[in-house]
Amino acid sequence: MSDSLVERVRERLAAESSSLRPAAVAAAIRAESGGVLGDTEVLTNLRVLQTELTGAGLLEPLLRVPGTTDVLVTAPDAVWVDDGSGLRLSSVRFADEAAVRRLAQRLAVAAGRRLDDAQPWVDGQLSGVGTGEFSVRLHAVLPPVAAGGTCLSLRVLRPATQDLATLIAAGAIASEAAELIAGIIEARLAFLVSGGTGAGKTTLLAAMLGAVAGSERIVCVEDASELAPPHPHLVRLVARAANVEGAGEVTMRQLVRQALRMRPDRIVVGEVRGAEVVDLLAALNTGHDGGAGTVHANSPAEVPARLEALAALGGLDRAALHSQLAAAVQVVVHVGRSVEGARRLDEIAVLSRVDTGGVHAVTAWHADRGRQGGQEQLRALIDERRRP
């Protein structure tokens with residue numbers, strides 16, 4: 001099927017506001033081909049067009065596989081997939097660069113974004129992809145910005161619903177660490193889950209929230225809807241990007257402020273990656289114990305510096321950030337991957353203030369080294385704040 005016929009059929013369906021039912025697409029193929037195609041040719045072209053016009057096209061089967069976290073396209077013959085064990089090259093192939101570009105542009109439109117030579121990159125979210133059980137975070141870059149050709153990145157966002165028992169049984173949380181995690185939750189210590197992209201931060205956070213007492217009201221603020229812990233009193237607020245006209249944006253920072261007015265027992269920020277860290281720390285310093293969030297960092301020791309950089313976006317200087325952090329957050333729980341590539345809880349650290357006024361992380365438990373110097377401090381915190 002020629003590119004020109006694909007474009008003509010696409011334009012006809014759009015102009016007629018036709019559905020993508022097979023009969024409508026087949027009729028458009030016959031009309032645009034001048035009626036010279038036989039039934040077999042129409043059926044073949046129909047299959048091609050259904051791939052071109054619906055879902056994520058050739059990438060749809062990869063997205064539907066349970067466990068897939070990322071699908072990445074760097075060239076027509078280079079489609080990579082991560083199913084939790086690291087990236088591997090898939091067998092999926094696009095016909096040419098133009099086919100990759102068409103898919104990227106169609107997905108951008110589905111996300112309410114623009115992707116063309118004047119706006120050569122896009123960042124958005126797709127809902128209702130695949131079976132509708134998950135959403136997809138879309139990022140795409142067109143040439144010549146992407147020197148090797150259209151670059152497409154799809155991040156699968158499945159609701160994180162695993163509980164602590166499941167993670168412990170799977171070996172993602174060691175039994176000794178599980179005892180500390182239970183104490184952190186029961187004592188209502190505020191904590192951050194740190195780690196790299198795809199390390200399992202949201203999964204662990206959801207599991208910990210699922211263990212919170214059912215009588216507590218949790219208000220979660222997220223950039224993309226991922227947290228779905230099995231908890232009876234959960235309120236979820238999801239940020240919204242501006243539309244193509246630049247209107248309608250709802251930021252994470254605005255939602256954190258709204259969460260404060262919703263009588264929360266615990267405030268949770270799905271991912272702290274901007275100026276909302278200022279409002280989160282302020283909220284945790286106003287009587288809202290047990291709050292939580294996730295943050296990108298390579299280790300607990302790097303979390304204070306990471307928060308410094310984010311707080312600067314909100315106009316908070318270093319001294320003020322460390323002062324707020326020392327009073328607001330007690331624990332950092334770090335996730336990573338083992339040598340074999342499996343996700344696991346790597347480290348639990350206590351945030352402690354030093355004589356210079358800064359905050360640093362003291363390791364209480366490590367997956368490879370066991371109990372560390374900060375464990376006594378952590379247990380003292382748990383005992384002090386544990387409800388009688």
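Readers should treat all values here as calculations from the given coordinates under stated rules, not as data from a laboratory. Being a predicted model, the structure only gives us computed values, none of them experimental. Neighbour counts run over all protein chains shown; Cβ positions are idealised from the backbone, glycine included.
Under the rule that an exposed site lies in a DSSP loop and has at most 13 other Cβ atoms within 10 Å, name the longest stretch of the chain with no GluC sites (Glu not before Pro) of that kind, not counting the sites themselves.
Between exposed loop sites, the widest span is 17-132.
Looking at the chain from every direction and averaging, what is the projected area of its Cα convex hull in nm²?
Seen from a random direction, the Cα hull of the chain projects 22.1 nm² on average.
What list do you get for Thr197, Thr74 if you sort them by fewest beta carbons within 10 Å?
Details: Thr197 10, Thr74 16.
If I rank by nearby Cβ atoms, fewest first, I get Thr197, Thr74.
Full-extension gain between Ala319 and Asp96, please, as 0.36 nm times their residue separation minus the C-alpha to C-alpha distance.
74.9 nm
Relative to the present Cα-Cα distance, how much length would full extension add between Asp77 and Ala31 at 0.36 nm per residue of separation? If you can, show how the numbers build up before the last one.
On the way: separation 46, 0.36 × 46 = 16.56 nm, distance 3.24 nm.
Gain on stretching Asp77 to Ala31: 13.3 nm.
Cβ neighbours within 10 Å, averaged per peptide: list 58-64, 235-241 in order, most packed at the top.
Result, highest mean Cβ count within 10 Å first: 58-64, 235-241.
For the residue pair Asp383 and Leu260, what label-to-label distance in nm results when each label sits 7 Å from Cα along the Cα-to-beta-carbon direction?
It works out to 3.6 nm between the two label points.
Using alpha-carbon positions, what is the distance between the centroids of the stretch 55-75 and the stretch 269-313, in Å?
32 Å
Grab the eigenvalues of the alpha-carbon gyration tensor for the stretch 255-357, scale each by 5, take roots, and send me the semi-axes largest first in whole angstrom.
Listed largest to smallest, the semi-axes of the stretch 255-357 are 23, 17, 13 Å.
So if we plug the beta-carbon distance of Glu376 and Trp121 into 1/(1 + (r/R0)^6) with R0 = 45 Å, what FRET efficiency do we get, rounded to 0.05?
For Glu376 and Trp121, the calculated efficiency is 0.35.
By counting other Cβ atoms within 10 Å of each Cβ, how are Leu310, Leu284, Leu204 ranked from fewest to most?
Ranking Leu310, Leu284, Leu204 by Cβ neighbours within 10 Å, fewest first, gives Leu310, Leu284, Leu204.
Using the Karplus curve 6.51 cos²θ - 1.76 cosθ + 1.60 with θ = phi - 60°, what ³J(HN,Hα) values do you get for each residue of the stretch 357-370, in whole Hz, with x for Gly and Pro?
x, x, 10, 9, 9, 10, 5, 9, 8, 9, 4, 9, 10, x
Does a label point 7 Å from the Cα of Arg88, set along Cα-to-beta-carbon, have any residues of the stretch 327-349 with amide nitrogen under 20 Å, and which are they?
337-344
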